[in-house]
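For reference, the structure discussed in these notes is given below.
The values are calculated or read from the model by the stated rules, or taken from the named source; none is laboratory data. Please read these numbers as outputs of a predicted model, since none were measured by experiment. No Cβ is skipped: glycine too gets one built from the backbone with ideal geometry, and neighbour counts run over all protein chains shown. Ligands, DNA and RNA are excluded from the accessible area calculation, which covers all protein heavy atoms including side chains. Shrake-Rupley method; radii C 1.70, N 1.55, O 1.52, S 1.80 Å.
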Amino acid sequence: MPVPAPRPPATPTSESAQAEPPPTTTPPGRATTPPASTSAGGSRSGGPSARSGTYGSPAQAPGTYGSTAPAQGRTSEAPAPTQGNTAPPSPGTYGSAKPGSPGQGPKDDPSARAGIYGSAAPQARAGATPATYGSKAPPTSPGTYGTYGSAAPAQSRGSGQAGVYGGAAPAKTSGTYGGAAAGSVVAGGGAAGGGTGGSGVRGAAADGRPRRRRGRLVGVLVAVVLLLGLVGGGAGVQLTRALPVATLATTVAASMRIPGEAPSLPWPEQGSAELMIEGLGRLGGSGREDAAPIGSVAKVMTAYVILRDHPLKGDEEGPSLTVTAADVADYNSRIASNQSLVPVQVGEKLTERDAIEALMLPSANNIAHQLAIWDAGSEAAFVDKMNAAADELGMTDTKYTDPSGYLPTTISTASDQVKLGRAALKMEVFAEIVALPDARIPVAGKIRNYNDLLGVEGVFGIKTGSTDEAGGNLLFSAYLTVGGRKLTIVGAVFNQPGLHTPEQLANVNREVKALLKAVRQTVKQYTLLPADPVGEVRTAWGATSTVRPVKPLQVVGWPGLTVPVKVTTSAPGASVTAGQAVGSVQASGVRVDLRADSATGDPSVWWRLTRTP
């Protein structure tokens, strides 16, 4: 395409001159007839200075959309069409034309580039700047980045500026949102002066590079550089390192309380009482706390000391005790006071087991005296051993003054005697003997157990006691089976009224039976810990799995009982699978596994690469 000769600077014209433009002149050196182009609407462009109508209108007098401006030939700019007057200098549709098609200059002409948001026409003349929708700028004022609807003045070749949405920008600088570089038609109708700039791109930066692409490119480059650094620094080692062990945290407390109100038991109105269930705890107590006479219940300590110092196992009878004349004399001296006795003869031999049976079943006071002499050499020495044993067991309110309990100065409390009863029952031979309804020994023959409650409400021991000062007393033990568990109850009811031994023992037995019946109705199986989530397994990379008991943890007890709880955890490994056992929870001898609800996911490659020790 011929290169136009430079033209002199344009001189300002008056408004009247603009209203009546002189005939069109053709600058030297320019082609008189540019290539014709046809818009999508069918209009054709005129000469170099012609302005085509908007969107398909024929070239007529200036008007609204669809009209064209008359041909112009002056070097100064024609009036800028307002919205409704003439459109940009080249016809076109919304969208650019293909190279070489009507509405565009020669395919390889760098000065004739199709615009965005409308097609472009060939370069009309050097310095000509298409007006934006509806306004114009003074023809000689320097063009700047125009605002919405303003136009830049005509500029010399190479100094055109692309408009911002209709304004003009400096040469070779892309505008934003439709602005074009020098020599191109802007989106929305603005054009720059002469030059070879490219068309504007929405979102483009001043230097021509898209900002979003540049930001993304920077991010990608950073990631690549980091990845290369990891690879160079031993990514293979990172990927093959052993994974850290997952952690397990639970919310299970160290002790839990069975819900509900504490039971109200039928405690005796007089005397004192105490109840304890092995493996569960103290069920309660009532009455006086100060020590009082306990009668023949004192013989439990006598048997305890003998079996502790001379233990028996299984069916062993143990060593023999030979009855002396002194033993026979002691027996005879007790008859007048109506004490509990078994007859003896000089030279009679009693095994240790025989002696314990005579002591505990018919409650023979003379055998208590004989065992004390046999063990310690004197009754006083033996009593000292009894009190020492009481101290060891924590029986702080107990004092023994004789091995049989006949003396009212031998005193204790229900709670102290329950401590002793629990310790004595751990001796297998002792537990067997106190559960016997009867037995047979030399000279006396068959002897009967004074405990009439044997077999009632599960009772299998321990010892009765009655005197005028002590009233009726019973240290007892009973079995209780709940939820498949066989429990042992140890209790005491002391100092029940009565005029004589049978009445005193009947009264105490009545109180014991009432208590045991109530215990069976109260001590049941309760849910201590439901099968709800109680914890979480968490991997080093943040994957989690809920942990819960495989089934509800049910314990035997009573409302209000505080139960110690033990949680044991096992190392889950780096991750867990669904249903994997990760520990257990245990209470009152019942153990339930803790399992993971679901599998934890594997770590990502990125986590493996970027993990720290």
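Brief remarks follow.
- Translational diffusion of the range 367-416, estimated by Stokes-Einstein from the Kirkwood radius over alpha carbon pairs at 25 °C in a medium of 0.890 mPa s, is 222 µm² per second.
- Sorted on the mean count of surrounding Cβ atoms within 10 Å across their residues, most packed first, peptides 592-598, 268-274 read 268-274, 592-598.
- Calculated FRET value between D597 and R422, using beta carbons and R₀ = 51 Å, to 0.05: 0.75
- Between the range 417-460 and the range 290-332, the C-alpha centres lie 13 angstrom from each other.
- Cross-link table K313/K513; K399/K566; K313/K566; K524/K551; K419/K486; K385/K517, entries beyond 27 Å C-alpha to C-alpha: K313/K513; K399/K566; K313/K566; K385/K517
- Near L243, once Lys and Arg are set to +1 and Asp and Glu to -1 for all other residues with Cβ below 14 Å from its Cβ, the sum equals +3.
- Multiplying the residue separation of T240 and R282 by 0.36 nm and removing their Cα-Cα distance gives an extension gain of 9.4 nm.
- Where the range 327-411 is the region considered: accessible area per residue in Å², 1.4 Å probe: 39 Å²
- The range 448-604 - accessible surface per residue (Å², probe 1.4 Å): 41 Å²
- Rg over Rh for the range 439-564 works out to 1.28, using Cα positions for both radii and the Kirkwood form for Rh.
- Accessible-area composition of the range 459-612, carbon plus sulfur, in percent [1.4 Å probe]: 49 percent
- Ordering of 501-514, 564-577 by burial proxy (mean other Cβ atoms within 10 Å per residue, highest first): 501-514, 564-577
- Globularity ratio of the range 275-351, using Cα Rg and 2.2 N^0.38 Å: 1.58
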